[in-house]
Amino acid sequence: MTQPAPNLSSDADKQALADLFSTTSAAHDSVGGLFAHFGALLVERAALGPGDRVLDVAAGAGASLIAAARRVGASGRVIGLDIAPGMVARLRALIEDQDIENADALVGDAESLPFDDEHFDTVLCGFGLFFFVDTRLALTEIKRVLRTGGCFAVSTFTRKGSDSMDATWTRIGAFTEVPVAAERERRFDERSHLVEALAGAGFDDVEVTESPFEVVLPDTDAWINWMRTMEFGPYLARMTPETLDQFRRLAIEDFARRSGGPEVRFPMDAYLTLARKPASLPLGSR
């Protein structure tokens, strides 16, 4: 999942989010390779081992889950959870198509995880933290289902990555109504804010690593196809053919001024962050 546009505050917002990503699930990450790239890096950074029990929260189309299932082997188990039924359906089909026997996918809410306390060795969350309505509650739930000393591995965009998303929303917003941009504090694109949020939820040993990535697309049409695989897609679909053609022509002119040619490039750098459930917890916490 990617940088959110709306400020989420209710069950209705959660349903809207589920609907949005169900709509884009069929083509999610089929252009540009952004999530596959960082999904593999997040699993590598989490240092999963054979036999580990892993939960992937906001699993999307399996960018982290597939890599995790391979790392933990036949004696391990990986569960993917996502609020969007369309994403879960696609992930289950992918698991079946690739004959992955140590993984499954469930529809669920990060703020109410359907698992026992201390059930998992590692929890992964690739570009999902900024979508949670109540971030503190979701982090508390993640810590609850982690074993003592277990690892939480999460990816979020840096300020540079967030700015690229904002620029795309601004382009679309010139032609059709788009959601209000999320407040900066909900994006976790500042290292200090990310560390503060995790420490505030009771995690220890927070380690943040910055990882660069540049989306490189051959031309504006490829960029539009990329947007259709993301949460931008439904907003492009609202444009009439004439409006979309105008949107495209203006983008071609702008990208040509920036790069001197048809190629489209923009940074999508990310933070890969590890945190631990402490061995001893304050009285009354789990």
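At a glance:
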| read-out | value |
| --- | --- |
| Subset of region 178-221 that is in contact (Cβ under 8 Å) with a residue 60 or more places away in the chain, out of contact with any strand residue (DSSP E or B) (no Cβ under 8 Å at 6 or more places or on another chain) and farther than 30 Å from LYS143 by Cβ - its residue that is surrounded by the fewest Cβ atoms within 10 Å (Cβ to Cβ) | VAL180 |
| Cβ-Cβ under 8 Å pairs, at least 6 apart or on other chains, region 141-160 side closer than 10 Å to ASP117 by Cβ, far side among the hydroxyl-bearing types (Ser, Thr, Tyr) and surrounded by 24 or more Cβ atoms within 10 Å (Cβ to Cβ) | LEU146/THR122 |
| Scope region 222-241; condition free of Cβ contacts under 8 Å to residues at least 24 places away in the same chain and hydrophobic (A, V, I, L, M, F, W, C); matching residues | ALA237 |
| Residue match in region 208-227 (condition: more than 28 Å from VAL123 (Cα to Cα) and in contact with a Pro (Cβ under 6 Å, 6 or more places away or on another chain)) | yes |
| From ALA26, ALA59, ALA47, ALA12, residue being surrounded by fewer than 24 Cβ atoms within 10 Å (Cβ to Cβ) and closer than 21 Å to VAL145 by Cβ | ALA47 |
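Residues checked against (1) surrounded by 23 or more Cβ atoms within 10 Å (Cβ to Cβ); (2) over 28 Å from GLY200 (Cβ atoms); (3) at pLDDT below 95; (4) charged (D, E, K, R):
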| site | (1), (2), (3), (4) |
| --- | --- |
| ILE100 | no, yes, no, no |
| LEU124 | yes, no, no, no |
| PHE130 | no, no, yes, no |
| ARG144 | no, no, no, yes |
| GLY149 | no, no, no, no |
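Conditions (1) within 25 Å of TYR271 (Cα to Cα); (2) within 19 Å of the chain's Cα centre (by Cα); (3) in a helix (DSSP H, G or I), marked per residue:
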residue: GLY39; (1), (2), (3): yes, yes, yes
residue: ARG45; (1), (2), (3): yes, yes, yes
residue: ARG90; (1), (2), (3): no, yes, yes
residue: ASP117; (1), (2), (3): no, no, no
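The values are calculated or read from the model by the stated rules, or taken from the named source; none is laboratory data. All values reported here derive from a predicted model rather than from experimental measurement. We place every Cβ from the backbone using ideal geometry, glycine too, and count neighbours over all the protein chains shown.
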